1. Kindly flag which residue pairs out of 280/343; 267/305; 209/270; 10/210; 67/127 have an alpha-carbon separation exceeding 18 Å in this structure.
2. Among 189, 222, 203, which residue has its Cα positioned farthest towards the positive end of the charge dipole of the range 118-240, with +1 placed on the Cβ of Lys and Arg, -1 on the Cβ of Asp and Glu, and the dipole taken about the Cα centre?
3. Compute the long axis of helix 308-326 from its Cα atoms, compare it with the longest principal axis of the Cα atoms of the chain, and write down the angle in degrees, 0 to 90, nearest 10.
4. Looking at the square roots a ≥ b ≥ c of the eigenvalues of the Cα gyration tensor of the range 147-241, which shape do they give, rounded for a/c under 1.5, prolate if a/b is larger than b/c, or oblate?
5. Calculate for the chain the 222 nm mean residue ellipticity that helices alone would give, adding -39,500 (n - 2.57) per DSSP H run of length 4 or more and normalising by residue count, nearest 500 deg cm²/dmol.
6. For the chain, find the longest principal axis of its Cα atoms and tell me its angle to the long axis of helix 39-48, 0 to 90°, nearest 10.
7. Considering the values (i) 22.6; (ii) 21.3; (iii) 20.0, which represents Kirkwood radius over Cα pairs in Å as calculated for the structure under consideration?
8. As I understand it, the value is the acute angle between the Cα axis of helix 342-360 and the longest principal axis of the Cα atoms of the chain; what does it come to in degrees, rounded to 10?
Amino acid sequence: MSDKEIKTEKVEGLDYDEDDALGEYPIDTVLIRNENRTVHDVLRRIEKGSFVMDPDFQRDFIWEDDKQSKLIESVLMRIPLPVFYLAENKDGHMVVVDGLQRLSTFQRFVNKGFKLKLPKQKELHGKTFDDLSAKLQNRVEDCNLTLYVIDAKVPQQALLDIFDRVNSGVPLTRQQMRNCLFAGEATRFLRKESNTDLFLETTGRSLNKKNMRDREFINRFCAFQILGVDKYKGDMDTFLADCLSIMNKMHADDLERLSSEFRVGLKNNKIIFGRHAFRKHTDPTSSRSVINASLWDVMSTGLSKYPESVIESKASEIRDGFFQLMVNIDFSDSITLGTNQVKRVYQRFDMAHSMLEDILG
């Protein structure tokens, strides 16, 4: 299979923090309140910006028109809808995570975004919101929605665990949840960098865009670059979320500098390893293995500090140093087994960055 034919592939070196016990925090800290609001009220709040709808999620995961039509039909038939889950952020805005599809449907329909596809309902088929009688328009806008709002004080890990359990639409990955919860300069940065030719070429276009695996990798670079490995305490979800929170407050110049460092890291890995960048290998002529997230962490950050001219002159030495790491059992284990454990993270950063410093200074 050629590089151009590769769409997405399995990823190695990832570990997860999900815990069926909802983390290590008291049950009483999970504060959830119940609110009832009409469709009209919710849409008005969305327009005012009080409810945060993730545009990336809406664009990538919108239902087909026939499924949206069935939702509107259910409302017109007065069939109760499943509850909606929202998270209150520190600014007092409501971030919609579970229910985005349904709220997007209401928004599109009321704003004349689509015609109903209900061939078995002759009086409704092909009609927009404006085509409905005043009685049926009121039935849509007056539809009562049950909202469960998770308090801003709920710990980050609990929040992600809750959304894992309650999501009733397309199951969300952790990065998709973070994209909803931290929408702003940080998520715009991840989106922009994930679409560059440099990123796509260096990663072999093998990171899934739909589930935001590509943005998760960039999030990992940013976290280790901004916070430093010393700030990592064993919870990758919290580590990545803390990074996005900081990035949302960063000055444009600082984000531009971060972008430059990221691209330098990508270019240098491409210069040294070519199509094998961020992949386990001990021979440049071997077949390409899957991308390894733990290698990505150490090599993307490690090579972001050196100019291309220096890397070009030392490429052969760095490759040899990397191949020595690959046959070292301690390093191999640190990028393969229990990769979120603090000991493993510190070990691979120490070994990889020491190798680079020995060669490059």
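1. 280/343; 209/270
2. It is 203, whose Cα lies furthest towards the positive end.
3. The two axes meet at around 90 degrees.
4. oblate
5. That calculation yields -15500 deg cm²/dmol at 222 nm.
6. So the inclination is approximately 50 degrees.
7. Evaluating Kirkwood radius over Cα pairs in Å on these atoms matches (i).
8. Value to nearest ten degrees: 50.
Just so you know, all these numbers are worked out from the coordinates, no wet-lab data involved. Here the structure is a predicted model, which means the values were calculated and not measured. Glycine gets a Cβ as well: all are built from the backbone with ideal geometry, and neighbour counts include every protein chain shown.
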